[in-house]
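Here's the structure, in structure tokens; my notes come after.
The values are calculated or read from the model by the stated rules, or taken from the named source; none is laboratory data. Bear in mind that the values here come from a model prediction, so they are computed numbers and not experimental data. Positions of Cβ are generated from backbone atoms using ideal geometry, with glycine treated the same way; all protein chains shown enter the neighbour counts. Quick note on the areas: whole protein, heavy atoms, side chains included, nothing else; ligands and nucleic acids left out. Shrake-Rupley method; radii C 1.70, N 1.55, O 1.52, S 1.80 Å.
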Amino acid sequence: MIEEKIIEILKSKSGYVSGEEISDHLRLSRQALWKHIQELRDSGYDIVAVPHLGYQLVQLPDRLFPQEIGSGLETKFIGKKIHYQEKVSSTMDLALNLGLQGASEGTVIVTESQSKGRGRLGRNWISPKYKGIYFSVILRPKISPLQASLLTILCAVGLCEAIKENAQIEPQIKWPNDLLINQKKIAGILTELNAEMDEVRFVNIGIGLNVNTEKKALISSATSLKEELGKEVNRVELLKAILRRIETNYLLFRENRRKEIIEKWREYNTTLGKRVKILVRNQHLEGQAVDIDLDGALLVRKDSGVVQKISSGDIILCR
Ligand code: BTN
């Protein structure tokens, strides 16, 4: 797209770039260039125009535009294709359609707000406009459905690593899919499988992260990076870091280096060693969370001493 090229040129120079230079480079008339500059401004790019000097990019928009996410991303496959829509029902709906149409592994669907953002167990995911990061990524691992829990685990690790690197704050992981800061939920992961009995066709991982969300838009058990840090966080840079970290951990998974993922998970986890309550097939189970196995399942030692493997569920941490 011409507009992306204009931005590339403006980004490559620290000062003004003359209209003549851009028009010549892109073989555009000066009027056409001006029209594109107006369109870029409308979508939030702050571009200053000074007669005889030219154009200067002063500020990037606070939008998760694919060209911004893709610029300098340097991943192998995650985020090579990015679908962006300002507003969607749920990125999971789009991911399902794209997955069924054969979208390539690593395709990302990102939005600024969702009208029907969904969480696990039929819950809603509140997705206020321009405040959070809401996206889904399509993966095509060659695994059986039973091994899919580890994908949630590796994404949780990737999210923690990216948040630590980018926002200098360390979240904790509550098995299997919640990220907490100061015991409040900051992010959630939703994993949806499209599978046969013994083979996964594709997996959609949906991630919702409260970044610059104001307290009044959050429920009392949730928080945002802005609330915890007292300042806003750049969503574009954070999303890039998340995609990179998810890819790195997913490559470990593909190379069968699952132990390394679990070791990293242990560093962030807030579940092991705690007494937990969990609902499994309509039955309440209580015990001590003792470990997770290489499939990402939680091992709970019941009071009888028997250790039970839990592949999915919603746990309550007791102490
Ligand atoms: C949970 O904690 O229960 C999981 C929340 C997952 C929310 C994300 S936001 C992007 C993607 N689209 C959705 O509708 N849900 C996931």
- Query: Which value in Å does the Kirkwood hydrodynamic radius of the range 100-140 take, with 1/r averaged over all unlike C-alpha pairs and then inverted?
  - Reply: 11.5
- Rounded to the nearest 10 Å², what accessible area does SER71 show when all protein chains are kept and the probe is 1.4 Å? 50
- How long are the semi-axes of the ellipsoid equivalent to the range 66-268, from square roots of 5 times the Cα gyration tensor eigenvalues, in whole Å, largest first? 24, 19, 17
- Taking PHE135, PHE77 and ranking on accessible area (1.4 Å, protein atoms only), highest first, one gets PHE77, PHE135
- Accessible area, probe 1.4 Å, largest first, for residues HIS83, HIS284, HIS36, HIS25: HIS284, HIS25, HIS83, HIS36
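Before anything else, pin down the relative contact order of the range 1-71: Cα pairs under 8 Å, at least 6 apart, normalised by residue count, whole percent. Mind showing how you got there, number by number?
Working: 68 pairs, mean separation 22.5, N = 71.
Dividing the mean separation by the residue count of the range 1-71 yields 32 percent.
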- Summing -39500 (n - 2.57) over every DSSP H run of at least 4 residues in the chain and dividing by its residue count gives a helix-only mean residue ellipticity at 222 nm, to the nearest 500 deg cm²/dmol, of -10000 deg cm²/dmol
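Quick check: residue separation of CYS318 and LEU299 times 0.36 nm, minus the Cα distance between them. What number comes out in nm?
Values: separation 19, 0.36 × 19 = 6.84 nm, distance 1.58 nm.
Taking CYS318 through LEU299 to full extension adds about 5.3 nm, to one decimal.
Note down, for the range 1-89, the three equivalent ellipsoid semi-axes (square root of 5 times each alpha carbon gyration tensor eigenvalue), biggest first, whole angstrom. Write down the numbers at each step before the final one.
Working: eigenvalues 127, 41, 31 Å².
Computed over the range 1-89, the values are 25, 14, 12 Å.
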- Heavy atoms of GLU39 accessible to a 1.4 Å probe, total area in Å² rounded to 10: 90
- Item | Under the Karplus curve 6.51 cos²θ - 1.76 cosθ + 1.60, θ = phi - 60°, whole-Hz ³J(HN,Hα) for the range 106-121, x wherever Gly or Pro sits | x, 4, 10, 10, 10, 9, 9, 7, 10, 8, 9, x, 10, x, 6, 6
- Diffing the range 209-223: the Karplus 3J(HN,Hα) column from phi (6.51, -1.76, 1.60, θ = phi - 60°), in whole Hz with x for Gly and Pro, holds 10, 7, 9, 9, 5, 6, 3, 5, 8, 10, 6, 5, 8, 10, 9
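How large is the Rg to Rh ratio of the range 216-276 when both quantities use alpha carbon positions and Rh follows Kirkwood? Please list the in-between numbers first.
On the way: Rg = 15.8 Å, Rh = 14.6 Å.
In the range 216-276, Rg relative to Rh is 1.08.
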- Task: Quick one: check the C-alpha center-to-center distance for the range 55-108 versus the range 257-310, whole angstrom.
- Result: 34
- Message: On C-alpha positions alone, give me the angle between the axis of helix 91-100 and the longest principal axis of the chain, in degrees, nearest 10.
- Response: 90
- Query: How much of VAL58 can a 1.4 Å solvent probe reach, expressed as accessible area in Å² and rounded to 10?
  - Reply: 80
- Message: Using a 7 Å offset from Cα along Cα-Cβ at PHE77, what residues in the range 150-182 end up with backbone N under 19 Å from the label point?
- Response: 150-156, 158
- Query: What base-10 log of the normalised intensity I(q)/I(0) is obtained for the range 165-236 from the Debye formula, alpha carbons as equal point scatterers, at q = 0.24 Å⁻¹?
  - Reply: -1.07
- Message: Output wanted: per-residue J couplings in Hz (rounded whole) for the range 43-59, from phi through Karplus 6.51 cos²θ - 1.76 cosθ + 1.60, θ = phi - 60°, x for Gly and Pro.
- Response: 8, x, 6, 8, 10, 8, 10, 10, x, 6, 9, x, 10, 9, 7, 9, 8
- Note on the structure: For LEU229, placing the label point 7 angstrom along Cα-to-beta-carbon and taking the range 119-163, residues whose amide nitrogen sits under 16 Å are 131-134, 159-163
- What is the set of long-range amide H partners of LYS185 at a cut-off below 5 Å, with H atoms built 1.01 Å from backbone N? ALA222, THR223
- Label-point separation in nm, ASP24 to SER144, each point 7 Å along Cα→Cβ: 6.6
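Can you tell me the dipole magnitude for the chain around its Cα centre, using point charges on the Cβ only (Lys, Arg +1; Asp, Glu -1), in Debye to the nearest 20?
Values: 47 positive and 40 negative charges, 178 e Å.
Here the size comes out at about 860 debye.
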- Note on the structure: In whole Å, largest first, the alpha carbons of the range 275-317 cover along the principal axes 24, 20, 17
- Message: What is the distance in Å between the Cα centroid of the range 126-158 and that of the range 198-247?
- Response: 11
